[in-house]
Amino acid sequence: MFAKYLNIALKLFFHSGDGMFKHIVRIADTDLDGNRNVVHALTGIPGIGIRMARSIVNELGLDGNRKLGTLEDEEIEKLRNLVEEEIDKFPGWMLNRRADIYSGKDLHLISKDVNFAKMLDIERLIRMKCYRGVRHAKGKKVRGQRTRSTGRKGRTVGVVRKKT
């Protein structure tokens, strides 16, 4: 008897309309958990925070509280298209790379592009030999933190006491 109700419950849980429940949804080279809400699942993509995720959901007219795995294939395709190709249509103040140093345009970087741009920026600072670049090159703290007692690397050297 219990198995009958369990099967019915599982069918209701795993079926979403005419499509099956998707446990993993791939958007922008990132595997997203289908059991999470759409807004929170989108934050799993590097470069998309909670504000951008809410804006994407509002732009598409989706319910942000629905599970990502319950979305229809057409809705997921719209979501994928907006995130991967049309994300630059949001206002400039929402984008994460405004006035890009190389192109001069407002861009929004996602997935691997975020880490690649960060690496290029650090290399540019090192080549310029500015203060931040020198600190990066030496492996020291960059943002003005104290270095007297923290941030030490290498062998631990203790104080040797004299034998009396």
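The values are calculated or read from the model by the stated rules, or taken from the named source; none is laboratory data. It should be emphasised that the depicted structure is a prediction, and the values quoted were computed from it without experimental measurement. Cβ: placed from backbone, ideal geometry, glycine included. Neighbour counts: every protein chain shown.
List the number of the failed condition for residue 67; all other conditions in (1) in contact with a strand residue (DSSP E or B) (Cβ under 8 Å, 6 or more places away or on another chain); (2) at pLDDT below 85 hold.
Evaluating residue 67 over (1) in contact with a strand residue (DSSP E or B) (Cβ under 8 Å, 6 or more places away or on another chain); (2) at pLDDT below 85 leaves (2) as the failure.
Note down all Cβ pairs under 9 Å where the first residue falls in region 147-164 and is more than 29 Å from residue 136 (Cβ to Cβ), the second is loosely packed, with under 10 Cβ neighbours inside 10 Å, and they're at least six residues apart or on different chains.
none
Name the single residue that is farthest from the chain's Cα centre (by Cα) among those in region 18-62 being more than 23 Å from residue 92 (Cα to Cα) and in a helix (DSSP H, G or I).
38
Looking at region 63-93, which of its residues are surrounded by 13 or more Cβ atoms within 10 Å (Cβ to Cβ), in contact (Cβ under 8 Å) with a residue 12 or more places away in the chain and in a helix (DSSP H, G or I)?
68, 69, 70, 75, 76, 78, 79, 80, 82, 83, 84, 87
Looking only at region 89-124, how many residues end up being touching a His at 6+ places or on another chain (Cβ under 6 Å) and either in the same structural domain as residue 51 (by TED's automatic domain parsing) or closer than 18 Å to residue 46 by Cα (or both)?
Number satisfying all stated conditions: 2.
How about region 140-161: which of its residues are modelled with pLDDT of 80 or more and surrounded by fewer than 10 Cβ atoms within 10 Å (Cβ to Cβ)?
143, 144, 145, 146, 148, 149, 150, 161
Is it the case that region 63-86 has a residue that's closer than 21 Å to residue 117 by Cβ and more than 16 Å from the chain's Cα centre (by Cα)?
Yes: one or more hits.
Return only the number of the condition from (1) part of a helix (DSSP H, G or I); (2) in contact (Cβ under 8 Å) with a residue 24 or more places away in the chain; (3) touching a Lys or Arg at 6+ places or on another chain (Cβ under 8 Å) that residue 135 does not satisfy.
Only one criterion is unmet by residue 135, namely (2).
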